[in-house]
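No value in this document is a laboratory result; all are computed from the given coordinates. All of these numbers come straight from a predicted model, not from anything done at the bench. For neighbour counting, all protein chains shown are included, and Cβ atoms are generated from backbone atoms with ideal geometry for every residue, glycine included.
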Amino acid sequence: MNVLIVEDEGIAADRLARLLGELQPDLRVLDVLDTVKSAVAWLRSNQSPDLLFFDIHLADGSSFEIFEQVSVDCPVIFTTAYDQYAIKAFEVNSIDYLLKPIVLEKLERALDKFEHLSKAANPMIDVSQLQQMLGAPAKSYKERFVVKVGEHIKTIPTDAIACLYSEEGSTYLQHEEGKKFIIDFTLDQLTELLDPSVFFRVNRKFIVQMKAIRDIVSYSNSRLKIVLPHWDDNELIVSRERVAAFKAWLDG
């Protein structure tokens with residue numbers, strides 16, 4: 001099978017190519033491109049590959065612009081960080097997708113779907129629906145929290161947070177400098193409000209921020225221990241069932 005990858009993040013492109021090679025050693029990556037312009041030029045001057053992998057957002061625009069400029073007559077699998085409503089729309093249009101960071105098992109299922117589809121007529125790509133869908137604003141995440149300090153009110157930007165945790169019925173925000181503040185959110189609410197590429201819920205009681213992690217150590221029963229600055233209350237452990245997802249989150 002011959003595939004073309006259009007992805008403007010080098011690490012993501014390398015990871016996708018590596019995973020494809022693990023699943024199908026005979027698979028050939030014809031090229032890796034990072035812009036709409038280069039993808040259009042390639043498709044105009046080369047025979048269509050068996051399968052295309054398109055990141056939605058590229059350095060010079062959105063991948064749906066490719067369909068407006070050149071005929072695409074082979075199946076496409078999108079890679080995307082879009083939220084669930086857009087993903088469901090892709091499913092309706094019979095266009096497969098992979099949510100970043102790409103997981104090996106989901107990539108394997110996408111390739112299986114391609115194998116089934118390739119035995120039938122290629123699914124049509126509705127450019128107008130793509131444009132409408134991709135023009136929708138991306139989900140926004142919480143950028144700051146308001147906390148009370150004595151008689152004063154202050155704001156704390158999310159990039160200054162080391163972790164958030166629950167203890168004895170209250171939820172705490174810990175600043176990267178070590179100060180702790182009570183906030184009026186549950187961890188379940190915070191999981192929805194915070195950017196999942198930056199924050200990860202490692203167990204029932206803790207959410208950590210990636211840049212605050214100082215060290216990760218193997219722990220008993222296939223778990224991991226996280227070391228954060230100014231954290232010595234108790235051990236911060238990644239639960240065993242969350243370890244695989246945590247590693248994928250770190251890998252981006």
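Here each label is just a point 7 Å from Cα along the line to Cβ, and for Gln47 and Asp112 those points are 3.0 nm apart.
Across Phe67, Phe206, Phe145, mean-square fluctuation computed from a Gaussian network of the chain (C-alpha pairs under 10 Å connected) peaks at Phe145. Of the Cα atoms belonging to the chain, the radius of gyration and Dmax stand at 21.6, 69 Å.
Label positions at Ala245 and Asp14, each projected 7 Å from the Cα along the C-beta direction, are separated by 2.7 nm. In a simple Cβ point-charge model (Lys, Arg +1; Asp, Glu -1; nothing else charged), the chain has a dipole of about 600 debye relative to its Cα centre.
A simple spin-label model places pseudo-atoms 7 Å from Cα toward Cβ; at Leu104 and Glu151 they are separated by 6.1 nm.
Each peptide in 187-197, 50-60 receives the mean, over its residues, of other Cβ atoms within 10 Å, and ordering these scores from highest gives 50-60, 187-197.
Subtracting the Cα-Cα distance of Asp73 and Ser218 from 0.36 nm times their residue separation leaves 47.4 nm of extension gain. Comparing mean-square fluctuations of Lys148, Lys100, Lys225 from a GNM of the chain with C-alpha springs under 10 Å, the top value falls on Lys148. The length gained by stretching the chain between Glu167 and Glu143 to full extension, at 0.36 nm per residue less their Cα-Cα distance, is 6.3 nm. Once you reduce the stretch 180-252 and the stretch 47-82 to the center of their Cα atoms, the two points are 34 Å from each other. Scanning the chain for DSSP H helices at least 18 Å long along the axis (C-alpha atoms) with a Kyte-Doolittle mean no lower than 1.6 picks out nothing.
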